Structures are given as C-alpha cells and as structure tokens.
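A short write-up of the structure that comes next.
The values are calculated or read from the model by the stated rules, or taken from the named source; none is laboratory data. Please read these numbers as outputs of a predicted model, since none were measured by experiment. FYI the Cβ positions are ideal-geometry reconstructions off the backbone, even for glycines, and counts take in every protein chain you see.
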Amino acid sequence: MLKNSRILITGGTGSFGKTFIPMTLEKYNPKEIIIYSRDEMKQWTLAENFKNDSRVKFVIGDVRDRDCLSRSLDGVDFVVHAAATKIVPTAEYNPFECIKTNINGAMNIIDACIDKGIKRVVALSTDKASNPINLYGATKLASDKLFVASNTSSNSHNSSFSVVRYGNVMGSRGSVIPFFISQIPNGELTITDSRMTRFMISLEEGVKLVWHAFEDMLGGEIYVKKIPSMKITDIALSVAPKLSHRIIGIRPGEKIHEQMIGLEDAAHTYEYDEHYKILPAIHNWSKDPNRIKNGKSVPSDFIYSSDNNKDWMSKEELKKWIESKKGKIGVI
C-alpha cells in the first residue's frame, strides 16, 4: 500500500520517526517521506542521515498551524501523526501548551487531511489514554476520540482515520532504560515506586504496528500491540545488577501500572494473533464484520494492563536486548 506513495509524518524527528523513516524507505520504497516538525536543529541533525536520499524531505511547521499544515499536505497520500507534548510532569505544569498541541493539533490534522483528501491517517496514542489520571493521558484520550469520530462523516469525504496505542518504548529518549544507564556513575538507581510495572515494546515493533494499521484499517480502529511486561525493579537489575535502589516517590501524574485497554472497552475489543483491536462504540461499528474480520471477542471483564499481562520479559532477555543496542539507547 505504501509503495510509491507520498507519506507525511508529524513530529518526525522524534524517536518513532527516526525508526519509521529508514524502515519504511527500505520496505516500501515510497516516492517521498516528508518530516513535518517545528525544531529546525533536530531536522538539520536528522537530515544529515538522509542527505543522499532524494526521497526524504523536511518541512518546518507546527501542528498548531493549520495553514502551514494544509500547504504541506499537497500531494500526500498517507499521514502518520506522531507529534505530541508527551512528558507527563511537563504537561501537569504546562496544561495550556499540552492541550494546544495534543487536542487542537489533532483537530488541525483531521480538518487539513479531510480538506486535502488524504487517503489514510494513523495517529500514535499511548497507554496513558486508557483511564487517564494525568493531563497528557486526558489529552491523548481526547485526541483518540477525535480521530475515531472523524470517520463519522466518511460519506462526505474519502479520508480514513485510525489509532495505534502502545506503552513504554525500550531505549527511546527520556525512557527509563537510558535514564537508569545515566545514573550508573552515581552508584545507585532512583525508582519512584518498587511496585511499578511497565509494558515493553521496541521502536521496530511500533513501526510494524503502524504499517499493519495502514493495511487493515477501514476507519475508527484503535490497534493495541501484544507486548510483554516487566517490573521496574527487574528493569533496574537488568541495567545495573550490582547497584542499590533508592525509592523517591511517584511523580505528578504517574501511574503504578500501565493500561492499554480498560474494562469499559472490553465489549468492543477483539483479539488477533499479535494485537488487539478496539472498535468504535458509535454507529454500531464494533459489530461490523468488515472491521472485525477474523477477530475474537475478549471476555467481558478483560483489562489489558502491565500488571495482569500473561507475557513477561525476563531480566536475561532485556540484558541481551541492551547489549544488542549499545550506543543507540537514548539516542533515538
């Protein structure tokens, strides 16, 4: 589907974009991938990696600026919406800015994509959008709802919108693994709460989930990758087995466990070999056989959270992964 297409990714200089771009270039050979983001220094740095590849283009712009966004979508076939204000404590202390990017920006994406006749749009979500307790999660829940509901008027436009949702991305900038690695010289690791658990997904798996969404979607689906969990204390032991841990308390808006599918969504959730799919409750779309395909209904009491997960990553598995990513952890 993506072969010979033109793809625009918002927030494309982030961790996801840095992995999505080379993987998609290699697998699909699109005509063009346009990185749309507002940080010119990050664009300049990333552009050095693709200076000999005419398929990669860069546009300075903000999802808050609908006019600029609209102009950048000329001739585009597919959009990945990755731009967001993501740091939980930052959102708690700067709520207006978080709302402007995560909610107003989502509305701009939807309106501009409909106006430009974009074929398919996939928005990146987060575990924090499921039963949110922090502002970041609340804005991403609102964003998810906007993208799902934007398919309601599909009789008046040809654009389809869906969402992918996953948890902690292993080794990405600002995540827990590079944070623990940075603390090794201090002689101890700080942990907010020893009961904490986290989902574990690689950037490569996240990219493949977006590819699948583009191929599978009709509009309104939320795709949730099946991934393993780990205890935060086991992550710390995998990074530095000989260092002690100091408990410092949970940060504002932080959860003990990650949740990607809540109890209220169980009635509209279907299971597949490698993922779950939450279908919209609106318009009876959750009963649509064309959206369900070969999925199986989950139990009525189903909750997909990092503490009740059936699949767990061992310390040995994480150690092996860390060893294989030396020099890359925290860079992407």
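Some notes on this structure:
- Residue in the stretch 266-286 that is assigned to a loop (DSSP other than H, G, I, E, B), at pLDDT below 95 and of a type in the set (A, V, I, L, M, F, W, C) present: yes
- Filtering the stretch 96-117 to residues that are within 19 Å of the chain's Cα centre (by Cα), more than 21 Å from Asp74 (Cβ to Cβ) and not hydroxyl-bearing (Ser, Thr, Tyr) leaves Cys98, Ile99, Lys100, Asn102, Ile103, Asn104.
- Residue count for the stretch 27-58, restricted to those that are surrounded by 18 or more Cβ atoms within 10 Å (Cβ to Cβ) and within 18 Å of Asp77 (Cβ to Cβ): 6.
- Inter-residue pairs, beta-carbon under 6 Å, first without any contact (Cβ under 8 Å) to a residue 40 or more places away in the chain and in the stretch 307-332, second in a loop (DSSP other than H, G, I, E, B), 6+ apart: none
- Counted residues, the stretch 270-287 - those being under 20 Å from Gly219 (Cβ atoms) and in contact (Cβ under 8 Å) with a residue 40 or more places away in the chain: 9
- Selection count, the stretch 175-204, where residues are of a type in the set (Asp, Glu) and crowded, with 19+ Cβ neighbours inside 10 Å: 0
- Per this entry, Lys57 is not counted among residues that are modelled with pLDDT of 95 or more, of a type in the set (Lys, Arg) and assigned to a helix (DSSP H, G or I).
- Residue check for Ile250: at pLDDT below 95, among the aliphatic types (A, V, I, L, M) and touching a Ser or Thr at 6+ places or on another chain (Cβ under 7 Å): yes
- Pro185 satisfies every condition listed in (1) in contact (Cβ under 8 Å) with a residue 24 or more places away in the chain; (2) not in a loop (DSSP other than H, G, I, E, B) except (1).
- Every condition in (1) under 24 Å from His212 (Cβ atoms); (2) out of contact with any strand residue (DSSP E or B) (no Cβ under 9 Å at 6 or more places or on another chain); (3) at pLDDT 95 or above holds for Glu316 except the one numbered (1).
- Among residues of the stretch 35-67, those that are under 24 Å from Asp144 (Cβ atoms) and not basic (Lys, Arg), counted: 7
- Restricting attention to the stretch 93-132, the residues that are in contact (Cβ under 8 Å) with a residue 12 or more places away in the chain and in a loop (DSSP other than H, G, I, E, B) total 5.
- Criterion: modelled with pLDDT of 95 or more and either basic (Lys, Arg) or out of contact with any His (no Cβ under 9 Å at 6 or more places or on another chain) (or both) - qualifying residue of Ser162, Ser153, Ser143: Ser162
- Selection within the stretch 296-322 - among the hydrophobic types (A, V, I, L, M, F, W, C) and more than 19 Å from Gly167 (Cα to Cα): Val298
- Qualifying residue in the stretch 218-237 (condition: touching a Phe, Trp or Tyr at 6+ places or on another chain (Cβ under 7 Å) and either over 28 Å from Leu141 (Cβ atoms) or free of Cβ contacts under 8 Å to residues at least 40 places away in the same chain (or both)): yes
- Sole residue being in contact (Cβ under 8 Å) with a residue 60 or more places away in the chain, of a type in the set (Ser, Thr, Tyr), assigned to a helix (DSSP H, G or I) and closer than 19 Å to Arg173 by Cα, chosen from Thr45, Thr19, Thr24, Thr90: Thr19
- Among all positions in the stretch 174-181, there is at least one residue which is among the small types (Gly, Ala, Ser), on the phi > 0 side of the Ramachandran plot and within 19 Å of the chain's Cα centre (by Cα).
- Test: residue in the stretch 231-247 that is among the β-branched types (Val, Ile, Thr), assigned to a strand (DSSP E or B) and surrounded by fewer than 19 Cβ atoms within 10 Å (Cβ to Cβ): yes
- Residue within the stretch 64-84 that is over 25 Å from Tyr28 (Cα atoms), of a type in the set (Val, Ile, Thr) and surrounded by 14 or more Cβ atoms within 10 Å (Cβ to Cβ) present: no
- Condition check for Gly12: buried (at least 22 other Cβ atoms within 10 Å of the Cβ), touching a strand residue (DSSP E or B) at 6+ places or on another chain (Cβ under 7 Å) and part of a loop (DSSP other than H, G, I, E, B): yes
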